[in-house]
Amino acid sequence: RVKGKDESLMRNGVISHDLRLQLIQNFQPEQDDVIQVKSATGDLISLIGLEKQKGFQIRRVFKTV
């Protein structure tokens, strides 16, 4: 879950430095294909995957209405 600046950046398709550090700590490539990023209220914001030689890449950003 993200909030504040990290949430705002993620909604605009940007992975913040702080979020990238969290992803490095929590991503388990042998178990995870993608990571769901959710807001503090539980809304799905985006899907992030790990790509060889590119690192973490946003696969999809979901807009809330």
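The values are calculated or read from the model by the stated rules, or taken from the named source; none is laboratory data. Source: prediction; values computed, not measured. In this analysis, Cβ positions are derived from the backbone assuming ideal geometry, glycine residues included, and neighbour counts consider all displayed protein chains. We work out accessible area using only protein heavy atoms, side chains counted, and drop any ligands, DNA or RNA first. Shrake-Rupley method; radii C 1.70, N 1.55, O 1.52, S 1.80 Å.
Some observations on this one:
- Long-range neighbours under 7 Å by Cβ, at least six apart or interchain, first residue of a type in the set (Gly, Ala, Ser) within region 42-65, second outside any strand (DSSP E or B) and open to solvent by less than 80 Å² (accessible area, probe 1.4 Å): Ser46/Met10; Ser46/Phe62
- Flag if Ser8 is touching a residue at least 24 places away in the same chain (Cβ under 8 Å) and under 17 Å from Val65 (Cα atoms): no
- One residue stands out among those in region 11-65 that are of a type in the set (Gly, Ala, Ser) and in a loop (DSSP other than H, G, I, E, B): the one that is surrounded by the most Cβ atoms within 10 Å (Cβ to Cβ), which is Ser16.
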